[in-house]
Amino acid sequence: MTESSLPVITLDGPGGVGKGTVGQRLAQRLGWHYLDSGAIYRALAWGAEKADIDLSDTQALVSLAKKLPLRFAPDPGDVCRVIYQDTDVTGQVRTESCGRSASRIAAIPEVRAALLDRQRAFRQPPGLVADGRDMGTTVFPDANLKVFLLADPRVRAERRVRQLNDKGINAIMADVLQEIRKRDEQDATRRASPLLPAEDAIELDTTSLSIDEVLNRILELYRKKTDRPASGR
Ligand code: DC
C-alpha cells in the first residue's frame, strides 16, 4: 500500500467542538493513528515563547517549525501527551494563552507550509484520524472521509469550561465564550488555510449530540463511504 492510499479520516471544525475527544476515540476504535494538529501549532507557540522568539518573526518561527523537538506519547486516558524536548508540556500547551499564540502563528502561511510534511508523516499503516482546521482542505485533500464538525458557540464554551475544570483549571464561562468567538473569527478570516469545510466534507452539527453519538455517526459515514465494516483492524 502506498502512503497516499492509506486510509485517512479528517475531522475539522472550530475550537471546543469535540474534535479531540471524538478523534482520539475514533482512532482507538479503528486501531489507527491519531494526529492532533492543533497541538503542533500550540507546541510551536510554546517553544517560540521559551526561545524568546517574537511571534511576528516569521523566519525564526519557520526555522523552529522545521526542527520542532516534539513528539506525542500515547496515554491510557483520553489525552495524548505532548512531549517537547523530553518535557511533558501537555498542560502548558492547553492554556488559553498558548491557544491564542497558536492561532496567531497559524495565520502565517510560511509557518503552515513548514509544518506540512510533519503532519503528513502521521499517515502510517493501518490508517489515520487527523483533527484540525485544514486537514480535509490542505493537509490530506485525498482523505477517504472528511467530516466538518459544528456546534453552537455557547455549547462549545460550556464544553471547554468543563474540560478546563476537570483539569483543575479555573475558567469563567463569559471569558471562554468571548475567547471562542474571537478565535473563530481569527481562524475563519485568515488568508492561509482558513477554517472552512472542504467541498467534499460532510457537516455534522454536534450541538445536541453526545460524544458516543458523534462517534457512531462518523463510523457509520465511514462504513457507507467505503463499504467497509466500521470496526478495528
Ligand atoms: O485545535 P486547537 O484549539 O488545539 O488549535 C490551536 C490553534 O491552532 C487554533 O487557534 C488554530 C490553529 N490550528 C490551525 O490553524 N490549523 C490546524 N490544522 C490546527 C490548529
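Laboratory data are not the source of any read-out in this text; all were calculated from the coordinates shown. Bear in mind the structure is a predicted one, so any value in this text is a computation, not a measurement. As a convention, Cβ positions derive from the backbone with ideal geometry for all residues, glycine included, and neighbour counts pool all protein chains shown.
For the reader, a short list of remarks on this structure follows.
- Cα-centred dipole magnitude for the chain, charges only on beta-carbon of K, R (+1) and D, E (-1), debye, nearest 20: 280 debye
- DSSP bridge orientation in the chain - percent antiparallel, rounded to nearest 5: 25 percent
- Span per principal axis, largest first, for the Cα atoms of the range 132-233 (Å): 45, 34, 22
- Counting all C-alpha pairs of the range 38-83, share separated by more than 18 Å (%): 31 percent
- Volume per residue of the convex hull around the Cα atoms, evaluated for the range 192-231, comes out as 99 Å³.
- Residues within the reach of a label modelled at GLN178 (point 7 angstrom out along Cα to beta-carbon, backbone nitrogen below 20 Å), restricted to the range 92-127, are 95-104.
- Hull-based mean projected area of the range 41-114, where the convex hull spans the alpha carbons, in square nanometres: 4.8 nm²
- Signed unit charges on C-beta, dipole axis of the range 1-131, positive-most listed residue GLY15, ILE108, GLY127: GLY127
- Relative packing of 153-163, 33-43, which averages over residues the other C-beta atoms within 10 Å, highest first: 33-43, 153-163
- Taking only Cα atoms of the chain, radius of gyration then Dmax in Å: 16.8, 51
- Contact order normalised by residue count of the range 1-134, Cα under 8 Å, 6+ apart, percent: 47 percent
- At an R0 of 35 angstrom, the distance between the Cβ atoms of THR95 and ILE202 translates into a FRET efficiency of 0.65.
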